[in-house]
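The values are calculated or read from the model by the stated rules, or taken from the named source; none is laboratory data. These figures come from a predicted structure and were not determined experimentally. Here the Cβ positions follow ideal geometry from the backbone for every residue, glycine too, while neighbour counts run over all protein chains shown. SASA here: full protein model, heavy atoms, side chains in, ligands and nucleic acids out. Shrake-Rupley method; radii C 1.70, N 1.55, O 1.52, S 1.80 Å.
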4 protein chains.
Amino acid sequence: MSETRPQLSEARSSVGARRSEATEAAVLEAFAALLAEVGYPAITMEAVARRARAGKATVYRWWPTKAHIALSLISKAKIEIPAPRGLSLREDLIDYMTRVVGLWRGDAGLPVGLLVRHCYAEAWSDPELAAALQAERRERWTMLNAIIEAAVGRGELPPGTDLARAKDFVMSWPFYLLMTDRLPAPDEIARMVDDTLDGLRAGSSRRPSPGI
Amino acid sequence: MSETRPQLSEARSSVGARRSEATEAAVLEAFAALLAEVGYPAITMEAVARRARAGKATVYRWWPTKAHIALSLISKAKIEIPAPRGLSLREDLIDYMTRVVGLWRGDAGLPVGLLVRHCYAEAWSDPELAAALQAERRERWTMLNAIIEAAVGRGELPPGTDLARAKDFVMSWPFYLLMTDRLPAPDEIARMVDDTLDGLRAGSSRRPSPGI
Amino acid sequence: MSETRPQLSEARSSVGARRSEATEAAVLEAFAALLAEVGYPAITMEAVARRARAGKATVYRWWPTKAHIALSLISKAKIEIPAPRGLSLREDLIDYMTRVVGLWRGDAGLPVGLLVRHCYAEAWSDPELAAALQAERRERWTMLNAIIEAAVGRGELPPGTDLARAKDFVMSWPFYLLMTDRLPAPDEIARMVDDTLDGLRAGSSRRPSPGI
Amino acid sequence: MSETRPQLSEARSSVGARRSEATEAAVLEAFAALLAEVGYPAITMEAVARRARAGKATVYRWWPTKAHIALSLISKAKIEIPAPRGLSLREDLIDYMTRVVGLWRGDAGLPVGLLVRHCYAEAWSDPELAAALQAERRERWTMLNAIIEAAVGRGELPPGTDLARAKDFVMSWPFYLLMTDRLPAPDEIARMVDDTLDGLRAGSSRRPSPGI
DNA sequence: GGATAAACGAGACGGTACGTCCCGTCTTGAG
DNA sequence: CTCAAGACGGGACGTACCGTCTCGTTTATCC
C-alpha cells in the first residue's frame, strides 16, 4: 500500500492540495491531549481524528497505527543535550542520563517514557514498527558515542571497547527501570549511573554485544 | 406471607454449584492455542470463550481481562528448578538462569516470555494486574534468595548484601533482554550471567534497592 | 417435559417435600412489585427469582414463562361482582363494566389491564398460553351470561340471541379501548356501554370521540 | 498551530457519505424473511443485520428497535384502495375493509396484521413508537374520511357526525378481531361491516359468533 | 428415629442477544 | 487533488438473561 502513498521526501510535481502541516500538527496535539486524559491504551484513531477535526482517512493516510503517531511524537520531542563536558565518564553519563530520564518523565511537556514503552510493546508484534523504532533509537543515541569514545580516549575504558555493546549496556538499566515503572527521580540519577558503571567497567572489554 | 420466609439477614446457607475445573482448563488451553496461532494482541476474550466452548460470562467471571488468563498460564507453567548446587554464585546462577530463560523460551511447551512481557505492558495501565503480577513474581523468585544467601555465606558477596536489591539486579539484565526481544540461546546464558555478575559484585554492598 | 413433573391433581404416594406456598406467594408478590417498578417488558425470570429469594429452577418449575406468572396474578385478582340487579340490560352492563374496568385500572391493587394485554400479546405466539388464557376468560365471563339471559327474558334482546356472540360483542369495545390504551374513567363507563349497545348508525351523532 | 484550523463554530460544511438505499432495502427484506421463518418475537436485531449483511451499527443508526423496522415495513406496504363508489355506506365500507383486511392477511406479500399488532404491543411501553404509530395511522385512514363524509352527504349519517369518532368506531371491530386473532376471511367481511353498523341491539339475533 | 425423596436456595454453566464502540474503507461534496 | 465528515460491513466489547444443571440443606412423609 505504501507505494501508492506520497512520500514526504520525494518532490511532488502534481497539482492539487498538498499535505496539510496544520492537520499533522493538530493530530499530534490531539494525541498528546488524549494521552494525558485517557491514557495510551484508551486512545483510538477515531478519537484522535475527531479531536483533531481531521478525517479518519487523513489520519490513516499518514500513520498506519496509533503507535506510529506515538513515534512521531517521540521524534518531535527532542531535548537540548549539551556536548559532554569530558571530565569523566561518570559525570558525562550523569549529565546525559539526567536529560534522557528527564525527557522520559515529561520535561518536554510530554511523558515520552510512556510513549516509548508502549511503542516497544507494540513493536513486539509489528516488525515494521520495530524497524522504525530502531532507526529512531540509533539517531537518538549518537551522543552516547561521543561520551564513550571520549572515555576510551581518556583511558577510562579499554581501547578495544565495543561501542554498540557499551551503548546498549549503558541504556539497559534505565530502560529496565522504565519498563518496570521505577524511573528514577533526578537526585537518583547518579546512583543509577553508578549501578551501570560497575557493570560496564568490569565487563566492557570482554565480548561484543549483539547490538540492540 | 413474606414474613414466613427467610429474610436476608437469616438467609439459608445455600451454596450453589462450584467452579468447573474442566472449564478452567479448557480456557487456559484455548488461550495457549490461540497464542500460538494468532499471537497475543490478536487474542480476544470472545475467541477464547468460543474455542474453549465456554460462555463469555464464565470467562469474565474468573478472569477480568485476557492478561489475567495469561497470568494464570504463567502461574501454572512451573518448571522444575533444582536446589542450587552451592559450588559458586556464578554456577548457581547459570543453572538458575538456564531454567528461567528456558521457561521463557518455551521449554514448558508455552512461550512464557511472551506472556510475561505482555502482562507487564498491560500492567502499566492496570494497577490491579500489576499487584497480581508482583505477587506472582515474589513467589517465583524465592529460589534466588537461597542462591544469594549461599553466596553471602561463602563470602562471595559481602555480609550486608541487600537481598531484594540483589535479586532485582540479577533479574534485570535477562528481563531487559526479554523486553528487547533478544533472549539468549542456552549457550549464551553463561555470558549473560557474567555480564550481570560484574555489576553485582562491584555494587552489591552499596545501597538498598527500592525493590521491584 | 410436563410428564416428568408432578401433577398437582394426581395422588402421590411418595414421600418428600411439597410445593411451598410461601414461595409461590413470594414470586407473585415479586412480580407485582417489579411490574410497578420497571414495567412488564423489563421483568425477567431472573429478577423475579432474585426478588422473591427463590431459586430460578423453582420459578421455572411452576411457571414456564413470565406470562404464566402474569396469568397467575390475573387469576388471583378476583373482584366482588354483585349479581345483576335486573333492571335493564343497560344498567346491568354499566354495573358490570364498572367492576371490570375498575379491575383493569387497578382497583384490586394491581393494574390487571396491563397484565391482560401483555398476556394476549404473548399468546399470539404461544398456543399453550392462549389456551390457558381462554380458560381463564371463560370462567371470568360467567356473570355476563346471567345479564344477557335476563335481558332475553325481559325481551330486551330477541329469544334466539347467541350467548357466546353477545358476550363477545359486549366485551369487544372495552377490550379495544384497553388495547389502544384508552380505558375509560369511571364516569365514562355509561357512554362506553351505550356505544356498544347502539352501534355506529344509532349513535354516530351523539358524542365526539377522543380519537385514537 | 490549531489557531490556523477551523474551530467548531466555523466548521467546514462537509457532508459525508449518504444513507445507503440498498442497505435499507436489504434490512427490510431480511426482516420480512425472518418474520416468515421464525415469527416476530424470535426476530433479533442481530439476526436482521446478519441476514441483511449489514453492520449492527448501521441497523441501529436508522431503527432504534425492531418495532421501528416493522413500522417501516408497514409504511411501505401500501395497497391500491380505489375511491369509494358512493353507492352506500355499507358497500363503500365493505370495499374498504376488504382491502384493509386483505392487506393485514398478507395480500401485499407480507402479513401486515402481525406487524401491526406487535407494533401496538411494543408501543404500550414506548411512547416514541406510539407517536410514530399514530402518525402512520392518521395517514392511512384518510380514505375513511371520504367514505364517511359521502355517507353524511347522502343522509345516511346525521350531519353533525364526528369524523374522528366515526373512523375510530369503524376500525374498532376489525381491530378487535385482529388483536384476538380472528381476522375474517374475504367472504366474512360483509358480516363484519354489518356488525359494526348495527351494534348489539340491532344485530344481536342475526348470527352466532365463533366465540373468542 | 432413621431412611428416603422431593423441593428448595444458591448460583455456575454454555449460550445468545444486547447496544456500543472502534476498526479500516469508501463516498460525497467543499475548497 | 486533498480534505472534513461520516456511512458502511465487520467484529469485539462487557453485560444481562436464558433455561439447565449441580450442589448441599431442609422438610415431610414412610418404614
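Tell me, what HN-Hα J-couplings in whole Hz come from the Karplus equation 6.51 cos²θ - 1.76 cosθ + 1.60 at θ = phi - 60° for each residue of segment A:28-41, using x for Gly and Pro?
Computed from phi, the couplings for segment A:28-41 are 5, 4, 4, 4, 4, 5, 5, 4, 5, 8, 10, x, 3, x Hz.
Using a 10 angstrom cutoff on alpha carbons, build the Gaussian network for chain C and name the most mobile of C:Ser125, C:Ser172, C:Ser72.
Result: C:Ser125 has the largest fluctuation of those listed.
Looking at chain B as a GNM with Cα springs under 10 Å, which of B:Ala150, B:Ala83, B:Ala57 has the largest mean-square fluctuation?
B:Ala57
Please check: in the Gaussian network model of chain C (C-alpha springs, under 10 Å), which one of C:Ala132, C:Ala22, C:Ala190 has the largest mean-square fluctuation.
Among C:Ala132, C:Ala22, C:Ala190, the largest mean-square fluctuation in the Gaussian network model of chain C belongs to C:Ala22.
Do any residues of segment B:146-193 lose at least 10 Å² of accessible area when the full set of protein chains is present rather than just their chain alone, and if so which, with a 1.4 Å probe?
B:Arg165, B:Asp168, B:Phe169, B:Ser172, B:Trp173, B:Phe175, B:Tyr176, B:Met179, B:Thr180, B:Asp181, B:Arg182, B:Arg191
Run the numbers for B:Ser125 and B:Thr44: contour at 0.36 nm per residue of separation, minus the present Cα-Cα distance, in nm. Mind showing how you got there, number by number?
Details: separation 81, 0.36 × 81 = 29.16 nm, distance 1.82 nm.
Stretched out fully, the B:Ser125 to B:Thr44 stretch lengthens by 27.3 nm.
For B:Ala131, go 7 angstrom from Cα along the Cα-to-Cβ vector, then report the distances to that same point in the other copies in nm, smallest first.
Nearest to farthest, the other copies are at 4.4, 4.8, 5.8 nm.
Once A and B are treated as a pair rather than alone, how much accessible area drops out, both sides summed, in Å² to 100, probe 1.4 Å?
Numbers: alone 11680 and 12110 Å², together 20980 Å².
Protein heavy atoms only, the A-B interface buries about 2800 Å².
If only Cα atoms are counted, what is the Rg of segment D:20-63, and what is its Dmax, in Å?
Final numbers for Rg and Dmax: 9.5, 27 Å.
Which value in nm describes the separation of the simple spin-label points at C:Glu29 and D:Arg191, placed 7 Å from the Cα toward the beta carbon?
Distance between label points: 5.0 nm.
How far apart are the B:Ile81 label points across copies, placing each 7 Å from Cα toward Cβ, in nm, shortest first?
The projected label point of B:Ile81 is separated from its counterparts by 3.5, 8.2, 8.3 nm.
For chain B, take the longest principal axis of its alpha carbons; what is the angle in degrees between that and the long axis of helix B:112-123, to the nearest 10 within 0 to 90?
Roughly 70 degrees, rounded to the nearest 10.
So which GluC sites (Glu not before Pro) in segment A:21-80 are both in a DSSP loop and have at most 12 other Cβ atoms within 10 Å of their Cβ? Provide the component values of the computation, followed by the final result.
On the way: sites: A:Glu21, A:Glu24, A:Glu29, A:Glu37, A:Glu46, A:Glu80; in loops: A:Glu80.
In loop regions of segment A:21-80 (DSSP not H, G, I, E or B), the sparsely surrounded GluC sites (Glu not before Pro) are A:Glu80.
With angles folded into 0 to 90 degrees, how steeply does helix B:89-105 sit against the dominant principal axis of chain B? Use alpha carbons for both and round to 10.
40
Which value in nm describes the separation of the simple spin-label points at B:Tyr60 and C:Tyr60, placed 7 Å from the Cα toward the beta carbon?
Roughly 2.1 nm, to one decimal.
Quick one: the Cα spread of the protein assembly as shown along its three principal axes, in angstroms, biggest first?
Taking the Cα atoms of the protein assembly as shown, the three principal extents are 129, 85, 39 Å.
Strictly greater than 28 Å: what percent of every Cα pair in chain B meets that?
Details: 9210 of 22366 pairs.
Roughly 41 percent, once rounded to a whole number.
Distance in nm between label sites at A:Ser20 and B:Val15, each 7 Å beyond Cα in the beta-carbon direction?
Placing both labels 7 Å beyond Cα along the Cβ direction yields 6.7 nm.
Over the protein assembly as shown, with the other protein chains present, what is the accessible area per residue in square angstrom, probe 1.4 angstrom?
Working: 40870 Å² over 848 residues.
Per-residue accessible area for the protein assembly as shown comes out at 48 Å².
At what distance in angstrom do the alpha carbon centres of segment B:133-192 and segment D:116-177 lie from each other?
Taking the Cα centre of each part, segment B:133-192 and segment D:116-177 sit 84 Å apart.
I'd like the carbon and sulfur percentage of the solvent accessible area for the protein assembly as shown, probe radius 1.4 Å, heavy atoms only, ligands and nucleic acids excluded. Walk me through the intermediate numbers first.
Details: 22020 of 40870 Å².
The C+S portion of the solvent-accessible surface of the protein assembly as shown is 54 percent.
In deg cm²/dmol, rounded to 500, what helix-only [θ] at 222 nm does the protein assembly as shown give when every DSSP H run of at least 4 residues adds -39500 (n - 2.57) and the total is split over its residues? Could you put the intermediate results ahead of the total?
Details: 40 runs with 526 residues, N = 848.
The helix-only estimate for the protein assembly as shown comes to -19500 deg cm²/dmol at 222 nm.
In nm to one decimal, list the spacings between the C:Arg19 label point and its equivalents in the other copies, with label points set 7 Å along Cα to Cβ, shortest first.
Result for C:Arg19, in nm, nearest copy first: 3.9, 5.1, 7.6.
How high is the FRET efficiency between A:Ile79 and A:Leu163 when r is their beta carbon distance and R₀ equals 35 Å, given to the nearest 0.05?
Working: r = 23 Å, r/R0 = 0.65.
Efficiency, rounded to the nearest 0.05: 0.95.
Using heavy-atom solvent-accessible surface (probe 1.4 Å) with all chains present, what is the largest-first order of D:Tyr40, C:Tyr60? Numbers along the way, then the final one.
Working: D:Tyr40 10, C:Tyr60 110 Å².
Sorted by accessible area, descending: C:Tyr60, D:Tyr40.
Whole-Hz ³J(HN,Hα) for each residue in segment C:134-145, computed from phi via Karplus 6.51 cos²θ - 1.76 cosθ + 1.60 with θ = phi - 60°, x for glycine and proline: what do you get?
Once θ is set to phi - 60°, the couplings for segment C:134-145 become 5, 4, 4, 5, 4, 4, 7, 8, 4, 4, 4, 3 Hz.
Quote the relative contact order of segment B:80-203 in percent (integer), defining contacts as alpha-carbon pairs under 8 Å separated by 6+ residues.
On the way: 92 pairs, mean separation 37.3, N = 124.
In percent, rounded to a whole number, it is 30.
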